[in-house]
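Beneath this line is the structure, given in C-alpha coordinates, with notes to follow.
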Amino acid sequence: MRLLLDECVPARLSLALPSHQVTTVGRRGWSGIKNGRLLTLAAAEFEAFVTVDKNLPYQQNTATLPIAVFVLDAASNELAFLLPLVPMLQARLATLVKGSFVVVKSLD
(Lines give C-alpha, C1' and ligand atoms only; values in the text may rest on other atoms or scores of the structure.)
Protein backbone atom coordinates (compact mmCIF):
# COMPACT_ATOMS: atom_id res chain seq x y z
CA MET A 1 0.00 0.00 0.00
CA ARG A 2 1.22 3.52 -0.74
CA LEU A 3 1.45 5.69 2.38
CA LEU A 4 2.35 9.34 2.78
CA LEU A 5 3.79 10.55 6.09
CA ASP A 6 3.01 14.13 7.05
CA GLU A 7 5.96 16.43 7.67
CA CYS A 8 5.26 16.29 11.42
CA VAL A 9 5.86 12.51 11.43
CA PRO A 10 9.49 11.36 11.64
CA ALA A 11 10.62 9.92 8.30
CA ARG A 12 12.27 7.04 10.17
CA LEU A 13 8.80 5.70 10.98
CA SER A 14 8.77 4.41 7.41
CA LEU A 15 11.35 1.79 8.47
CA ALA A 16 8.73 0.27 10.78
CA LEU A 17 6.35 -0.18 7.83
CA PRO A 18 8.42 -2.38 5.48
CA SER A 19 5.44 -4.04 3.81
CA HIS A 20 4.26 -0.67 2.46
CA GLN A 21 5.58 1.87 -0.01
CA VAL A 22 6.15 4.84 2.26
CA THR A 23 7.35 8.32 1.47
CA THR A 24 7.13 11.66 3.19
CA VAL A 25 5.69 15.06 2.40
CA GLY A 26 9.24 16.43 2.41
CA ARG A 27 10.54 13.84 -0.06
CA ARG A 28 7.67 14.68 -2.41
CA GLY A 29 8.59 18.37 -2.26
CA TRP A 30 5.28 19.25 -0.64
CA SER A 31 6.59 20.78 2.60
CA GLY A 32 4.63 23.82 3.67
CA ILE A 33 1.54 22.96 1.64
CA LYS A 34 -1.59 23.40 3.77
CA ASN A 35 -3.74 20.42 4.71
CA GLY A 36 -6.58 20.84 2.21
CA ARG A 37 -4.33 21.09 -0.82
CA LEU A 38 -1.94 18.50 0.63
CA LEU A 39 -4.71 15.93 1.04
CA THR A 40 -5.90 16.57 -2.51
CA LEU A 41 -2.37 15.98 -3.83
CA ALA A 42 -1.93 12.92 -1.64
CA ALA A 43 -5.25 11.40 -2.72
CA ALA A 44 -4.06 11.30 -6.33
CA GLU A 45 -1.09 9.05 -5.49
CA PHE A 46 -1.57 7.39 -2.10
CA GLU A 47 -4.08 5.17 -0.32
CA ALA A 48 -3.38 6.62 3.13
CA PHE A 49 -2.03 9.73 4.80
CA VAL A 50 -0.43 9.40 8.26
CA THR A 51 -0.15 12.41 10.56
CA VAL A 52 0.01 13.38 14.22
CA ASP A 53 -2.15 16.48 13.62
CA LYS A 54 -5.11 15.92 15.94
CA ASN A 55 -6.87 19.02 14.57
CA LEU A 56 -7.07 17.68 11.03
CA PRO A 57 -10.59 16.18 11.34
CA TYR A 58 -11.92 19.53 12.50
CA GLN A 59 -10.28 21.34 9.58
CA GLN A 60 -10.90 18.96 6.67
CA ASN A 61 -13.73 16.80 5.37
CA THR A 62 -11.81 13.63 4.57
CA ALA A 63 -15.00 11.79 3.58
CA THR A 64 -14.92 13.57 0.22
CA LEU A 65 -11.42 12.34 -0.65
CA PRO A 66 -10.37 8.92 -1.98
CA ILE A 67 -7.75 8.55 0.76
CA ALA A 68 -7.83 7.36 4.35
CA VAL A 69 -6.33 9.60 7.02
CA PHE A 70 -4.67 8.09 10.09
CA VAL A 71 -3.82 10.23 13.10
CA LEU A 72 -1.23 8.77 15.45
CA ASP A 73 -2.31 9.98 18.89
CA ALA A 74 0.77 9.85 21.12
CA ALA A 75 2.27 12.00 23.86
CA SER A 76 4.88 13.26 21.38
CA ASN A 77 5.69 13.00 17.70
CA GLU A 78 9.10 11.56 18.58
CA LEU A 79 9.78 8.15 17.06
CA ALA A 80 9.97 6.41 20.45
CA PHE A 81 6.38 7.47 21.19
CA LEU A 82 5.05 6.55 17.74
CA LEU A 83 6.62 3.11 17.32
CA PRO A 84 4.30 1.44 19.86
CA LEU A 85 1.35 2.53 17.69
CA VAL A 86 2.67 0.80 14.55
CA PRO A 87 1.00 -2.60 15.22
CA MET A 88 -2.37 -0.87 15.63
CA LEU A 89 -1.72 1.23 12.52
CA GLN A 90 -0.87 -1.93 10.56
CA ALA A 91 -4.11 -3.58 11.70
CA ARG A 92 -6.17 -0.56 10.70
CA LEU A 93 -4.41 -0.30 7.33
CA ALA A 94 -5.45 -3.90 6.65
CA THR A 95 -9.09 -2.80 6.78
CA LEU A 96 -8.59 0.59 5.12
CA VAL A 97 -11.68 2.46 4.01
CA LYS A 98 -11.05 5.36 1.65
CA GLY A 99 -12.49 8.62 2.92
CA SER A 100 -12.20 7.49 6.52
CA PHE A 101 -10.53 9.27 9.40
CA VAL A 102 -8.96 6.93 11.97
CA VAL A 103 -7.30 7.82 15.25
CA VAL A 104 -4.65 5.30 16.29
CA LYS A 105 -4.10 5.57 20.02
CA SER A 106 -2.49 3.41 22.65
CA LEU A 107 -4.89 1.71 25.02
CA ASP A 108 -2.60 2.50 27.96
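Name the residue, out of Leu79, Leu15, Leu93, whose mean-square fluctuation peaks in a Gaussian network model built on the chain with Cα pairs under 10 Å.
Highest fluctuation of the listed residues: Leu15.
Considering only Leu38, Gln59, Ala75, whose Cα is most displaced toward the positive end of the charge dipole of the chain, charges sitting on Cβ of Lys, Arg (+1) and Asp, Glu (-1)?
The one lying farthest along the dipole's positive direction is Leu38.
Mind telling me which of Lys98, Lys54, Lys34 comes out most flexible in a GNM of the chain, alpha-carbon contacts under 10 Å?
Highest fluctuation of the listed residues: Lys34.
Would you compute, from DSSP H runs of 4+ residues alone, the mean residue ellipticity of the chain at 222 nm, taking -39500 (n - 2.57) per run and dividing by the full residue count, rounded to the nearest 500? Can you show the working numbers first?
Values: 4 runs with 26 residues, N = 108.
Value at 222 nm, helices only, nearest 500: -5500 deg cm²/dmol.
From largest accessible area down, sort Ile67, Ile33; use a 1.4 Å probe on the protein chains. The partial results should precede the final answer.
Details: Ile67 0, Ile33 50 Å².
Order by accessible area, largest first: Ile33, Ile67.
Among Asn35, Asn77, Asn55, determine the one that fluctuates most according to a GNM of the chain built with springs between C-alpha atoms less than 10 Å apart.
Fluctuation is largest for Asn55.
Can you tell me the accessible area per residue over the chain, all protein chains present, probe 1.4 angstrom, in square angstrom? Walk me through the numbers on the way to the answer.
On the way: 5680 Å² over 108 residues.
That works out to 53 Å² for each residue.
The values are calculated or read from the model by the stated rules, or taken from the named source; none is laboratory data. Given the structure is predicted, the values throughout are model-derived calculations rather than measurements. For neighbour counting, all protein chains shown are included, and Cβ atoms are generated from backbone atoms with ideal geometry for every residue, glycine included. Side chains included, ligands, DNA and RNA excluded: accessible areas come from the protein's heavy atoms. Shrake-Rupley method; radii C 1.70, N 1.55, O 1.52, S 1.80 Å.
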